[in-house]
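Inspection log for the structure reproduced underneath, given as structure tokens.
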Amino acid sequence: MSAPGSVAVIRPMVGRDSAFFWEGTAAGELRIQKCNGCGSLRFPPGPSCPRCHSFDQTYVVAAGTGTVFSYVVHRHPPVPGKELPIVIALIDLDEGVRMVGEVTDAVPDGGGSEEIEIGMRLRVDFTRIDDDLTLPTWRKA
């Protein structure tokens, strides 16, 4: 529940398979799950490796850079805690996995041309929402 006068924010589900990721964002790190069995990287994290089925998982700290694979400009419906429009991109990280994230400095002008394009280089940033939540956000590199 939100404190009086604060804005509600949609919160991610944090479980035993993703806690390392959210602990990383709080520490300013973008963490990607790594299988200790075969070395493959995956996002989003899960309990076992889809390649070798090992339950022995760890993580690596990503460089925090990638390219826009695809994007959408979200104009409606309203999103709690966000001022619309917002740009949501599917980002190909340099480590080889894809991640969805908000691009905070690619503001659409409303006239059809956007300040974002497929193939654009991005770098991660971290937006602290409160003591319990820090979100990875993206900016032009």
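Using 0.36 nm per residue, how much length does the chain from Arg139 to Arg16 gain when fully extended, once their Cα-Cα distance is taken away?
In short, 41.4 nm is gained.
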Self-check item: Carbon + sulfur, % of accessible area of segment 11-141 - ligands and nucleic acids excluded, 1.4 Å
Solution: 51 percent
Quiz item: Modelled label-to-label distance, Thr58 and Ile118, 7 Å Cα→beta-carbon offset: nm?
Solution: 3.7 nm
Quiz item: How many nm is it between the label spots at His74 and Arg128, if each spot is 7 Å from the Cα in line with the beta carbon?
Solution: 2.4 nm
Quiz prompt | Theoretical ellipticity at 222 nm over the chain - DSSP helices of four or more residues, -39500 (n - 2.57) apiece, nearest 500 | solution = -1500 deg cm²/dmol
Quiz prompt | Surface accessible to a 1.4 Å probe, per residue, for the residues of the chain, Å² | solution = 59 Å²
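The values are calculated or read from the model by the stated rules, or taken from the named source; none is laboratory data. Given the structure is predicted, the values throughout are model-derived calculations rather than measurements. As a convention, Cβ positions derive from the backbone with ideal geometry for all residues, glycine included, and neighbour counts pool all protein chains shown. Please note that ligands, DNA and RNA were not included when accessible areas were found on the heavy atoms of the full protein model with its side chains. Shrake-Rupley method; radii C 1.70, N 1.55, O 1.52, S 1.80 Å.
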